[in-house]
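Inspection log for the structure reproduced underneath, given as structure tokens.
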Amino acid sequence: MKQRARLLIGLSLAALAACLAACLLLAFQTVFRSRRQLRDGSTVTLEGVSFGRRHRLDTRPWWQKLQQPSPVSRSRLPIRGPVYQLDTTQDALVVWIRRHWLPQRRRQARGFFEGALDEHGCRFPRPAGAEWTAGRPPAYDHWMAKTLTVYPRRGPQVLFGFFDINARDLMARFEVPNPTPGPYPAWAPEPYPIRKPKGDLEFVLEGLTHAQNRVSARSLARFRVEKKGRPVAGWEPVFLIASDATGNSVVTENRFGRTGRGAWFDGLCVWEAAWKLRVQFACLERPRFVWSFRDLPKPGPGESRALTAAREAQGIRLEAVRVDADEEQPGNRGYTGRRQGHVRVRVRSADAPVLLTLLQAEDERGRDLAPSGPGGSLRTLAGAARVYCRPPVQEDAFRLRLPGGTRRLNLTFAVYEVRTVEYLARP
């Protein structure tokens, strides 16, 4: 009996010690968070790090966490709350940051941008994520949940830095654990110039150069296209996917038209042995088809209108599916805000991929329906100027400006031939 009593007392003391240790850990967790100061006097605090597809940050005081360790929260960012949750479509590293504004220095705030970098100083593409503000005057907290899908994966740590947008130098950084440290292989690059035949043409990658602009690191791929040893004009790189052996992948659209046989894209670590470049070329000077849809009905604000118009030739079919008009938003001093909408299209291709562009959009009066006005750019909802259509079917939507009095829409689309080439290039 005495031995059993001693065992129970020992277990009770051990449980009590574990509870005290948990209380101390929760109590001092807030005190020992990593904190850095920026040049304008504001402070940034690393509140947490998470990896996966479902992310959660609990900002409640430690005593509330003890009372209810795992609260059920259905809120999603940017909804306010003591427990924040964020879902991503793929595995991602999320860095939770809180920036505290000093009231006397709010007018002296300096612009900055944030992003991942590695031990070589190579900057990775700027992360996406959610941002929101909490607090009451005169002090505010600016919260950031930065989603990193492209980051340095070979080392034990990931560096997350804050850069001065004017001086372009590093102001502060945090070291966070790398959730995917490898090991990873090293790819063997092909020697320059890299020649890739595709049909009757040969697509040549001459080399890569690198530069850093104000907010990111960029790389320039220089190409030329030949036919039987002679240069061919008209072919341009429109999409470029750069990936490395660690699983990073960056998709860049060449939005700026002709760039002198080259394409700028968001780069990766230049110390990698090789990058895989998947480039989609299109002959932008000679579209394969130019199809127009005239007198399409324009719906009222907040409404949708189904369409049945279609064009088809040589195994490619373009369908105008629907026109949607957004709700009118009130503008300044009670005036009606901008009227926006979009047209949804569907492309069916039997075997080969094609490229689709909305060349022109007008109403029945001949007014330009580009969102930014006359001479503006017609882009998709995701901001792309062109849509890469994979067989057998691809659907997307282009933004439109729908001014008052518009009743009918006249749209002109261009379909281009696409050829895809892959290179293993040395950075």
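So, in region 264-283, of the ones that are farther than 20 Å from R126 by Cβ and crowded, with 19+ Cβ neighbours inside 10 Å, which residue ends up farthest from the chain's Cα centre (by Cα)? Filtering region 264-283 for residues that are farther than 20 Å from R126 by Cβ and crowded, with 19+ Cβ neighbours inside 10 Å, the one farthest from the chain's Cα centre (by Cα) comes out as C283. Of a type in the set (A, V, I, L, M), under 30 Å from L402 (Cβ atoms) and not assigned by TED's automatic domain parsing to the domain that holds P152: does that describe A273? No: the conditions fail for A273. Scanning region 38-53 for residues that are over 23 Å from the mean Cα position of the chain (by Cα) and among the polar types (S, T, N, Q) gives S42, T43, T45. Among the conditions (1) at pLDDT below 65; (2) touching a Leu at 6+ places or on another chain (Cβ under 7 Å), R74 misses just one, which is (2).
Of the set (1) crowded, with 17+ Cβ neighbours inside 10 Å; (2) modelled with pLDDT of 90 or more; (3) under 19 Å from V323 (Cα atoms), all apply to A370 but (2).
The values are calculated or read from the model by the stated rules, or taken from the named source; none is laboratory data. Here the structure is a predicted model, which is why all the values come from computation and not from measurement. Methodologically, a virtual Cβ is constructed for each residue, glycine included, from the backbone with ideal geometry; neighbour enumeration extends over all protein chains shown.
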